[in-house]
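See below for the structure under consideration.
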């Protein structure tokens with residue numbers, strides 16, 4: 001079984017809240033069910049199954065874990081563990097890798113123990129936070145953007161679009177840069193590098209002029225940073241020609257990149273804004289300025305949740321709000337589009353791409369790698385779930401690489417670029433792939449009928465037993481029915497026919 005093929009969908013454990021110091025662990029004396037559930041949530045169910053002991057302790061257990069749960073009786077822990085034993089484990093064809101050597105890579109020639117870094121944000125803003133992330137297994141951090149500005153944050157400064165289980169789908173922030181002084185941040189770098197010499201420190205900086213960009217880059221290098229990331233993209237620092245205002249003007253990107261390169265000898269990455277039609281002009285300008293790599297994407301300018309009573313969008317600060325940066329899993333398709341653009345641009349060949357934008361699990365990370373990402377940065381998922389997600393990021397990706405026969409994650413980089421076109425004009429249009437209905441899984445809800453009738457081509461009806469029936473003469477193979485089915489009872493059919501008008 002390939003690791004990407006899920007056998008236990010998230011919906012089956014939707015009431016689990018992924019607790020801190022989980023009571024289910026405390027109640028169970030033989031397994032650590034919280035870790036197993038977390039692996040299922042982060043699409044690493046095969047890794048969870050392979051970690052199980054030979055004998056199943058749940059067979060004769062009265063499930064005290066379920067009674068100890070903060071939602072007693074609402075999370076079917078015993079059933080989920082049994083499914084790992086009897087559905088997932090028998091299909092595991094590849095043993096759990098003995099080490100993480102396949103994950104080793106580099107950022108502009110500097111070794112990384114794995115491709116995963118914290119991105120520049122609150123999750124990497126103090127010595128203690130970075131140290132705990134290193135101890136958890138993150139290869140490095142991109143430290144929260146260093147500047148000479150006097151930063152005073154608004155309160156509140158976060159808002160979110162949530163899903164059915166309360167989890168964050170899209171996240172808005174109006175947070176700015178590091179509120180520590182430059183000297184304080186340099187002290188943090190020195191301490192981190194002294195205690196964690198093999199961990200990667202990527203220093204995010206933002207200057208107000210050429211001299212300041214250069215001075216900050218020089219200081220970061222002198223105090224232990226392995227590389228510098230130039231923040232040309234923060235949507236919350238646009239006033240006065242900072243942040244994303246720079247990233248939208250290639251001439252400024254080139255000028256300030258050159259200023260940083262003149263002042264240091266460590267690698268320099270330009271972090272670019274997605275608030276543009278195309279990213280290549282700014283990326284090519286960064287290359288002309290001497291950049292060694294590109295970091296993308298930063299957050300997308302956004303407005304969310306306008307209150308119908310106060311008429312103020314979130315987060316509301318004393319009756320006012322502002323356009324802010326949008327992140328989280330909702331922005332991943334947009335981020336992938338920009339990473340693909342950079343990966344397919346021949347002018348940027350050889351440049352390191354540090355990719356980010358909605359990564360929550362190893363599959364998300366893999367998508368960026370397949371489109372050319374050489375390292376992966378994460379923030380919003382850490383804000384929601386904590387540094388502990390690195391366990392399943394590493395384990396899931398490592399097992400996938402082993403299953404595919406890759407000796408290094410670098411072998412997977414860019415493999416998805418050749419099959420991707422920037423336009424639909426190149427796609428084959430002479431065949432139709434019919435949907436296939438699994439009647440054993442189908443519960444007869446008729447959602448496929450509704451969607452096909454009102455959003456498709458009126459090709460599905462329910463028979464007297466509430467089974468879906470396809471009209472092949474009307475079906476165009478759009479697969480809307482497959483997407484809306486709550487039971488996942490519709491799959492791609494094997495039958496193809498020539499498309500005729």
When you count, for each residue, the other Cβ atoms within 10 Å and take the mean per peptide, how do 323-330, 147-154, 266-273 rank with the highest first?
266-273, 323-330, 147-154
Taking the Cα atoms of segment 268-397, what is the range of coordinates along each of the three principal axes, in descending order and whole Å?
52, 37, 22
Chain lengthening between residue 211 and residue 491 when straightened (0.36 nm per residue, less Cα-Cα)
94.9 nm
Considering segment 137-200, what Rg and Dmax in Å follow from its alpha-carbon atoms?
16.0, 45
Once you place label points 7 Å from the Cα toward the Cβ at residue 15 and residue 421, how far apart are they in nm?
4.9 nm
Determine the principal axes of the Cα atoms in segment 348-396, then give the extent along each, sorted from largest to smallest and rounded to whole angstroms.
35, 19, 12
Please work out how much length the chain gains when fully extended from residue 461 to residue 436, using 0.36 nm per residue of separation minus the C-alpha to C-alpha distance, in nm with one decimal.
7.6 nm
With angles folded into 0 to 90 degrees, how steeply does helix 390-404 sit against the dominant principal axis of the chain? Use alpha carbons for both and round to 10.
60 degrees
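Tell me, Kirkwood radius of segment 1-106 from alpha-carbon pair distances, in Å?
14.4 Å
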Step by step: find N for segment 131-277, compute 2.2 N^0.38 Å, then divide the Cα radius of gyration by it. What's the final number?
1.10
Per the Kirkwood treatment, what hydrodynamic radius in Å, one decimal, follows for segment 427-498 from the mean inverse distance over all distinct Cα pairs?
12.2 Å
Could you tell me the extents of the chain's C-alpha atoms along the three principal axes, largest first, rounded to whole Å?
76, 64, 56
Relative contact order of segment 295-398, please, whole-number percent, based on alpha carbon pairs below 8 angstrom and at least 6 residues apart.
25 percent
Estimated [θ] at 222 nm from DSSP helical runs (n ≥ 4, -39500 (n - 2.57)) normalised by residues in the chain, nearest 500
-8500 deg cm²/dmol
Specify the inter-centroid distance of segment 60-94 and segment 188-230, based on alpha-carbon positions, in whole Å.
46 Å
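Could you compute Rg(Cα) / (2.2 N^0.38 Å) for segment 233-323, with N its residue count? Working shown, then result.
On the way: Rg = 16.3 Å, N = 91, 2.2 N^0.38 = 12.2 Å.
For segment 233-323, the normalised Cα radius of gyration comes out at 1.33.
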For segment 427-498, what does the relative contact order come out to in percent, with C-alpha contacts under 8 Å and a separation of six or more?
46 percent
How do 379-387, 464-472 rank on mean C-beta neighbours within 10 Å, highest first?
379-387, 464-472
For the chain, the longest principal axis of the Cα atoms and the Cα long axis of helix 127-136 enclose an angle in degrees, to the nearest 10, of 40 degrees
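Can you order the peptides 119-127, 89-97, 356-364 by their average number of other Cβ atoms within 10 Å per residue, highest first? Provide the component values of the computation, followed by the final result.
Values: 119-127: 22.6, 89-97: 13.8, 356-364: 25.1.
The densest-packed peptide leads the list: 356-364, 119-127, 89-97.
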When a/c is below 1.5 the answer is rounded, else prolate if a/b is larger than b/c, else oblate, so apply that to segment 30-79 with a ≥ b ≥ c taken from the square roots of the Cα gyration tensor eigenvalues.
oblate
Considering Cα pairs under 8 angstrom that are at least six residues apart, work out the relative contact order of the chain and quote it in whole percent.
13 percent
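Every number here is computed from the coordinates shown, using simple stated rules; none is lab data. None of these values were measured; they are calculated from a predicted model. Here Cβ is always computed from backbone atoms with ideal geometry, including for glycine, and neighbour counts include all displayed protein chains.
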